[in-house]
Structure formats: structure tokens, C-alpha cells
Amino acid sequence: MNYKNMKKIALSLMLMFAFTLTASSQEIYKEVRRIMQQEEAIKNDVSKSLDARKVATFKWDAIYYIIMKAAESPNFTTYQLGQQADAMIDFVNRYINRLSTEKKKSQREIIMARYKSATTHNILFHDVDKDIIYGYVDNDKFLTQFSLDTDWVNALKEVKDKNY
């Protein structure tokens, strides 16, 4: 095999790989958008409990925030978007499940503080607009008192590692 043929094969493989990545990126983005639509349907469904609608509102806002910030970050990939969205959903669901198993108010407050802390010190974008990123943090009308500027992968890892 000569150099010219090897070059063609290498170029063909690179193009094939690039198309595969593009398709995967599109699928990830479609899945994130599907999750947002699902959360939007829940938050607008008046037959759902107010708490369920508020949790869905937080999830929608968190994904929207990640998408907007990712668009401003040239090195943020679609794969990272998918990871962050999945981790955020897992984090919030874990939190809600953990709260539902605890009957004592004092224990619930400890759980809430631990999860809140995991979101406020695992920062992803280092956004300086504290009014936006902490909009839920000190809002006692929401169960999900979390920072929007969160590295959800690391926050989830923290609560799993510490068995919160």
C-alpha cells in the first residue's frame, strides 16, 4: 500500500468518525431537549402537586441555564451537556427520594443543607451573576434550594460518596 492510498484511508476514517460524533451530539442534544419538554409539561400540569411542579420548574431552569452558559463557553461540548443534565436529574431525584424517607424535620433540614452545599461549592461556569445562580438557594418556597451554576457531575459524586 502506498502513501497516497494510506492517506485516503486515513481521511475516510477521520470523516466517518466526524459524522459519527455529529450524529451522537445531535442525539444528546435531542435527548436534553426532550427532558426539558417533559419537565415543562409537568410544571404546566395543574393536576400535579405544587411541589412536583416546582421541582419540574427547577429542572427546566437548570437545564436551560446549562444550555445558555454552554453556548457562551467555546470548550463546552454536547457530551458535557448530556452528562450535566443527566447528573442534575439524578441529583434532584435522589434528593427528593432522600427527603421523602426522612420523617424528622431536623433530619430533613440536615439533608437539605448537605445537598444545597454540594451545589454551591461545585461550581461549573463561575458565573458572577449571583442573583440568577442563587435564585433558588435562599427561596424557601422551593424544595430545590440549589445553585444553578453547579457542576452536577461533581455534586452528584459528592452526595453519593458521602452517602447523603
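The values are calculated or read from the model by the stated rules, or taken from the named source; none is laboratory data. Owing to the predicted nature of the structure, the values given are computational and were not obtained by experimental measurement. Virtual Cβ from ideal backbone geometry, glycine too; neighbours counted across all protein chains shown. We work out accessible area using only protein heavy atoms, side chains counted, and drop any ligands, DNA or RNA first. Shrake-Rupley method; radii C 1.70, N 1.55, O 1.52, S 1.80 Å.
In terms of distances greater than 29 angstrom between alpha carbons, the cross-link table entries LYS103/LYS162; LYS69/LYS103; LYS30/LYS103; LYS69/LYS104 yield LYS69/LYS103; LYS30/LYS103; LYS69/LYS104.
Note on HIS121: accessible area approximately 100 square angstrom, rounded to 10, probe 1.4 Å, nucleic acids and ligands left out.
Short-range pairs are left out: with C-alpha atoms under 8 Å and at least six residues apart, the relative contact order of the chain is 21 percent. Per residue, the accessible area of the chain comes to 63 Å², computed with a 1.4 Å probe over protein heavy atoms only.
Distance between the 7 Å Cα→Cβ label points at LYS162 and ASP45: 3.3 nm. Under 11 Å from a label point set 7 Å out along the Cα-to-Cβ vector of LYS103, no amide N atom of the range 137-164 is found.
Projecting the Cα atoms of GLN38, ASN75, SER117 onto the dipole axis of the chain, where Lys and Arg carry +1 and Asp and Glu carry -1 at the beta carbon, places GLN38 farthest toward the positive end.
How much of the accessible area of the range 45-85, probe 1.4 Å, is carbon plus sulfur, in whole percent? With neighbouring chains kept in place, the figure for the range 45-85 is 53 percent. Its residue count N sets the reference 2.2 N^0.38 Å, and the alpha-carbon radius of gyration of the chain equals 1.30 times that reference. Ordered by solvent-accessible area of protein heavy atoms (1.4 Å probe), largest first, the residues LEU50, LEU99 come out as LEU50, LEU99. Full extension of the segment from GLN26 to HIS126, taken as 0.36 nm per residue of separation minus the current Cα-Cα distance, would add 33.3 nm.
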